[in-house]
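Q: I am attaching a structure below and will ask some questions about it afterwards.
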Amino acid sequence: MGSHRSGTGSRGIARWLIAAVVAVIVVAAVAGAMVWLSGRSEQEGRDAAASCVRGDLAVQVAAAPALVGPLRRIAESFNAGGTVSADYCAKIEVTGIDSPVALEALTGTWDPKLGPVPSLWIPESTVWTARLAAAKPAELSGQPTSIASSPVVLAVRGSARQAFDGVRWLDLPARQEQLRIALPTGADADGTYLAAQSVAAAVGRTAGAALSEDAAKSPVVAGSLARWAKDAPKSTTTGAALEALTKPGDAVRAVPVTEQQLAAFARGRDAAAPVAVYPAGPTASATFPAAVLDREETSDAHDRAAADFVAFITQGENAKPLTEAGFRVIGRPAPATTPSVAFGTVEPLAPASNAAVIALADTVNRR
């Protein structure tokens with residue numbers, strides 16, 4: 001009979017193999033724990049950001065009066081959406097301030113009577129942001145962003161409409177005695193400054209290209225604008241000139257305004273309202289530049305929230321209140337035609353440089 005091995009010599013699993021298996025299990029467990037902890041940390045960070053860990057942040061917006069209604073509607077949507085800016089829940093508050101008043105306060109000392117210091121300023125046109133950039137360039141945080149536009153038109157008395165048939169921007173200075181176009185300045189008079197840009201481009205033969213500072217100050221351009229302004233009928237404000245066009249008389253036959261301005265004025269006035277005439281040639285527009293302000297009274301969080309609000313305005317359907325109020329917005333249909341304003345196709349004029357804008361406005365203001 002063959003012999004057998006004793007029980008003490010029976011075969012078993014090698015110890016080194018057991019140790020290797022245990023090591024693999026430990027490493028896998030540690031790695032899994034690290035991944036879980038990392039994911040939890042990231043989620044906690046997202047949850048903290050989404051919950052506004054630093055609370056609410058009031059962000060002031062100073063806007064041209066015509067923008068206040070639609071901007072407040074947009075701000076309500078922005079605020080309700082719980083947008084987080086720099087760990088705050090930004091709460092936008094919109095105040096209407098005439099652009100010359102806001103400019104004076106921003107270039108000097110902010111008057112508390114105007115309300116809290118704004119983090120965002122949206123005037124009618126670059127006439128105002130250009131002056132702020134020239135006076136206090138450090139006040140502006142980056143380049144202003146246009147949130148809407150409205151081309152300049154001539155608001156014309158109904159009885160004088162025929163006299164403006166086929167009129168061009170180029171014609172206006174020479175025909176001022178016949179056309180009697182008021183040229184008010186100051187608050188709500190951006191139409192005057194935009195019309196001056198359109199006339200200057202026509203006289204300077206820019207073919208729609210941006211007008212340079214040298215061209216704006218050239219004798220032919222400056223002389224034409226000075227003559228046009230000097231021969232203009234007396235007027236105090238754009239509002240007063242529009243009212244005059246609804247009353248008997250012929251001393252004032254027209255006043256330059258934006259489409260939106262005329263549409264708002266004409267609402268509910270029926271046949272008594274002036275009508276929009278679109279002079280032929282490249283036409284300047286109010287671009288409603290949104291300027292984020294960098295001031296000592298505001299923080300980086302205010303700046304970030306203001307920029308987030310500007311981005312919100314220009315996204316998708318958010319700008320709908322602006323078109324409903326008569327403003328043109330890129331990517332949206334033009335406002336609906338009214339008896340006074342056609343909201344038709346306009347040949348655009350490239351925006352002039354800040355220096356040219358200021359030079360043209362100064363020429364019109366001197367009369």
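Q: Would any residue of the range 248-272 have its amide N under 12 Å from a label point 7 Å out along Cα→Cβ of Ala163? List them or say none.
A: 249-255
Q: Right, here's the next one. What do you get when you divide the Cα radius of gyration of the range 53-123 by 2.2 N^0.38 Å, with N the number of residues? Write down the numbers at each step before the final one.
A: Numbers: Rg = 12.9 Å, N = 71, 2.2 N^0.38 = 11.1 Å.
Normalised Cα radius of gyration, the range 53-123: 1.16.
Q: In addition: Which angle from 0 to 90°, rounded to the nearest 10, does the C-alpha axis of helix 68-80 make with the longest principal axis of the chain?
A: Between helix and principal axis, roughly 10 degrees.
Q: Taking only Cα atoms, what is the 0 to 90° angle, nearest 10, from helix 126-135's long axis to the longest principal axis of the chain?
A: Orientation of helix 126-135: about 70 degrees from the principal axis.
Q: A follow-up question, please. Counting other Cβ atoms within 10 Å, which trypsin sites (Lys or Arg not before Pro) in the range 68-136 have at most 16 and lie in a DSSP loop? Kindly include the intermediate steps, with their values, before the conclusion.
A: Details: sites: Arg72, Arg73, Lys91, Lys113, Arg131; in loops: none.
Here no loop site has a sparse enough neighbourhood.
Q: Restricting attention to the range 208-253, which trypsin sites (Lys or Arg not before Pro) occupy a DSSP loop and are surrounded by at most 15 other Cβ atoms within 10 Å? Working shown, then result.
A: On the way: sites: Lys217, Arg227, Lys230, Lys234, Arg253; in loops: Lys234, Arg253.
Of the trypsin sites (Lys or Arg not before Pro), the ones in loops of the range 208-253 whose Cβ has at most 15 other Cβ atoms within 10 Å are Lys234.
Q: OK, next. Using only Cα atoms, tell me the angle between helix 300-313 and the longest principal axis of the chain; keep it within 0 to 90° and round to the nearest 10.
A: Tilt of helix 300-313: around 70 degrees.
Q: Another question about this same structure. Report the label-to-label distance for Ala207 and Asp56 in nanometres (one decimal), using points 7 Å from each Cα along the Cα→Cβ vector.
A: 5.6
Q: Stokes-Einstein diffusion coefficient for the chain at 25 °C in a medium of 0.890 mPa s, Rh from the Kirkwood formula over Cα pairs: what value in µm²/s?
A: Details: Rh = 23.7 Å.
Result for D is 104 µm²/s.
Q: With springs connecting C-alpha atoms under 10 Å apart, model the chain as a Gaussian network and identify which of Asp165, Asp188, Asp98 has the largest mean-square fluctuation.
A: Top of the fluctuation ranking is Asp165.
Q: Measuring from label point to label point, each 7 Å out along Cα→Cβ, what is the Ala138 to Ala226 span in nm?
A: 3.7
Q: In addition: Can you put Thr283, Thr236 in order of accessible area, largest first, using a 1.4 Å probe? Don't jump to the answer; show the numbers that get you there.
A: On the way: Thr283 10, Thr236 105 Å².
So the residues, ranked largest to smallest area, are Thr236, Thr283.
Q: Oh, and also: Among the aspartates and glutamates, which have Cα under 19 Å from the Cα of Lys234 when same-chain residues fewer than 8 positions away are ignored?
A: Glu177, Asp188, Asp190, Glu243, Asp250, Asp362
Q: Give the calculated FRET efficiency between Lys247 and Arg367 to the nearest 0.05, with a Förster radius of 35 Å applied to their Cβ-Cβ distance. Walk me through the numbers on the way to the answer.
A: Working: r = 24 Å, r/R0 = 0.70.
Plugging the Cβ-Cβ distance into 1/(1 + (r/R0)^6) gives 0.90.
Q: Measuring from label point to label point, each 7 Å out along Cα→Cβ, what is the Lys320 to Thr345 span in nm?
A: Roughly 2.8 nm, to one decimal.
Q: Hey, another quick one. With all protein chains present, calculate the accessible area of Thr95 using a 1.4 Å probe and round the result to the nearest 10 Å².
A: It works out to around 50 Å².
The values are calculated or read from the model by the stated rules, or taken from the named source; none is laboratory data. Predicted model, so just to flag it, every value in this text is computed and none were measured. So basically every Cβ, Gly included, is an ideal-geometry build from the backbone, and we count neighbours across all protein chains shown. Keep in mind that these areas ignore ligands, DNA and RNA; they rest on the heavy atoms of the full protein, side chains included. Shrake-Rupley method; radii C 1.70, N 1.55, O 1.52, S 1.80 Å.
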